[in-house]
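> I have a structure here, written as structure tokens, and I will follow up with some questions on it.
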Amino acid sequence: MREIEKTEFGNGLKLLTEERPNTKKAALLVGIGVGSVNEDEKISGGSHFNEHMLFKSNRFRSARQIIEDLEYSGTIVNAYTTWRYTAFYAKTPHRELENAMEILFQAATNYSYKEEEFELERKVILTEIQNYINSPEKYAIMGLFIPALFSGTPMERRIEGTTESIGSVTKKELERFKKRFYLPNNTIIAVCGRFSKSRLMDVVESTFGGLKKRNIPNIGKIDIRNKRRIKVEERRDITQSYLCLGYRVPGYSGEDFFKLDLLSSILSEGLSSRMFRELRERRGIGYSVGNFFHPLGEEGMFISHVDGFDPERVDETKDVILKIFDDLKRKRLPTREFKGTKRLMISKYDDRLEKITERAMMIFQSEFFKIPFDFREKERFIREVSKEDIRYAAKKYLSEDYVMTVLKPR
């Protein structure tokens, strides 16, 4: 296994590289430590808005030139925003890596938007927000459950913002917000694939390496203690119900990370999982049924969801989920289920590891979140989890202090 090399520049910029010379391409990811937790109500959605503006016109290229210069060289580019960070990445033929780096640098250091492009993108984001609201599956989790789970913390703010915040934010406010966080000492670059290390170092030094560092606003820790809460929202434009039930849990740095990860897979990994069998197959409850453990840094969330079911069966659905939890606390896992879930989980993870864009993202996240394990050794850690570990995790985290939200017809 090749070493992941780390270079830290004088301005605080970090570069992490993993060479995979047998591929024809390179994946480049630039991650900035700014997300919805860094915002207040007035600038809510600002990180996501700035992400949308990354590939708009700057002093070097027009918006059309940026996309053509990337795509016509065979480069696939995209970006996304989370609660904690913003990332933009390129998967490119290895000979085009330096060109992609220069274009991403120009995008990252553009602090002056064209008014017309800014207003057009405002409309795009307002449409995106409305699409979330119009999609009950997405809204039930992102718009209702997560704000309830993290109520009273910066995590309750929606990543895309609100119609009020996006509708009122000015171009100058957005540009100032970007300047506060798009700093070299708040930036991590991850490169995976085939590349020349010397040429890569040269282009990084001539671009991001030349920026000046400044102080970064600090965000406090999120309390992961749970308090039971039930929230019901009724809407006239839907005919089915959507239920979420979950908890705040430790994230990447928690000692129970792999126990929670495997516990989530036992609940919902594949058609053989417990939630799918008990809810959909045996009772015909829900079209989409699942659970996910989502680490967000030091904190995380553990969520079970059932989408699209008869509003008269809300209590039954909740009771079935809690019964599944109770069984995991009291009964020993069958060996076939335990080993089979591990194999399925590892197989799906192996698929991710074969993609250089996924590896670049994992390299970035490992550094950004200070993850205390090598993501490439996840298989070994999963295999070390015992049946008793799963029972322990279920007892410790799947308590009566859950948060539950229900979206149902009025």
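The values are calculated or read from the model by the stated rules, or taken from the named source; none is laboratory data. Everything numeric in this text was worked out from a predicted model, so none of it was measured. Ideal geometry is used to build each Cβ from the backbone, glycine not excepted, and the neighbour counts take in all protein chains shown.
> In region 262-287, which residues are within 19 Å of ILE141 (Cβ to Cβ) and either of a type in the set (D, E, K, R) or touching a Lys or Arg at 6+ places or on another chain (Cβ under 9 Å) (or both)?
Those that are within 19 Å of ILE141 (Cβ to Cβ) and either of a type in the set (D, E, K, R) or touching a Lys or Arg at 6+ places or on another chain (Cβ under 9 Å) (or both): SER265, LEU267, SER268, GLU269, ARG280, ILE285, GLY286, TYR287.
> Could you tell me whether any residue of region 157-174 is among the hydrophobic types (A, V, I, L, M, F, W, C) and surrounded by fewer than 16 Cβ atoms within 10 Å (Cβ to Cβ)?
no
> Name the residues in region 332-354 that are touching a residue at least 40 places away in the same chain (Cβ under 8 Å) and not in a helix (DSSP H, G or I), would you?
Once the filter is applied, which keeps residues that are touching a residue at least 40 places away in the same chain (Cβ under 8 Å) and not in a helix (DSSP H, G or I), region 332-354 yields ARG332, LEU333.
> Could you list, in sequence order, all residues of region 18-53 that are closer than 30 Å to MET1 by Cβ and aliphatic (A, V, I, L, M)?
Selection gives ALA26, ALA27, LEU28, LEU29, VAL30, ILE32.
> Is there a residue being assigned to a strand (DSSP E or B), in contact (Cβ under 8 Å) with a residue 60 or more places away in the chain and at negative phi anywhere in region 307-329?
Looking through region 307-329, at least one residue is assigned to a strand (DSSP E or B), in contact (Cβ under 8 Å) with a residue 60 or more places away in the chain and at negative phi.
> Can you find even one residue in region 131-140 that is surrounded by fewer than 21 Cβ atoms within 10 Å (Cβ to Cβ), β-branched (Val, Ile, Thr), in contact with a helix residue (DSSP H, G or I) (Cβ under 6 Å, 6 or more places away or on another chain) and part of a helix (DSSP H, G or I)?
Checked region 131-140: at least one residue is surrounded by fewer than 21 Cβ atoms within 10 Å (Cβ to Cβ), β-branched (Val, Ile, Thr), in contact with a helix residue (DSSP H, G or I) (Cβ under 6 Å, 6 or more places away or on another chain) and part of a helix (DSSP H, G or I).
Residues are listed down the side, and each one gets a yes or a no for (1) assigned to a helix (DSSP H, G or I); (2) within 22 Å of the chain's Cα centre (by Cα); (3) under 17 Å from SER264 (Cβ atoms):
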{"position": "PRO372", "(1), (2), (3)": "no, yes, no"}
{"position": "LYS378", "(1), (2), (3)": "yes, yes, yes"}
{"position": "ARG383", "(1), (2), (3)": "yes, no, yes"}
{"position": "ARG391", "(1), (2), (3)": "yes, no, yes"}
{"position": "LYS395", "(1), (2), (3)": "yes, no, yes"}
{"position": "ASP401", "(1), (2), (3)": "no, no, no"}
{"position": "THR405", "(1), (2), (3)": "no, yes, no"}
{"position": "LYS408", "(1), (2), (3)": "no, no, no"}
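> Separate question: Just to be sure, is LEU263 under 16 Å from THR341 (Cα atoms) and either of a type in the set (A, V, I, L, M, F, W, C) or not assigned by TED's automatic domain parsing to the domain that holds SER36 (or both)?
Judged against the criteria, LEU263 is a match.
> Criterion first (crowded, with 18+ Cβ neighbours inside 10 Å, among the small types (Gly, Ala, Ser) and either outside the structural domain of PHE145 (by TED's automatic domain parsing) or in a strand (DSSP E or B) (or both)) does GLY286 satisfy it?
In short, yes.
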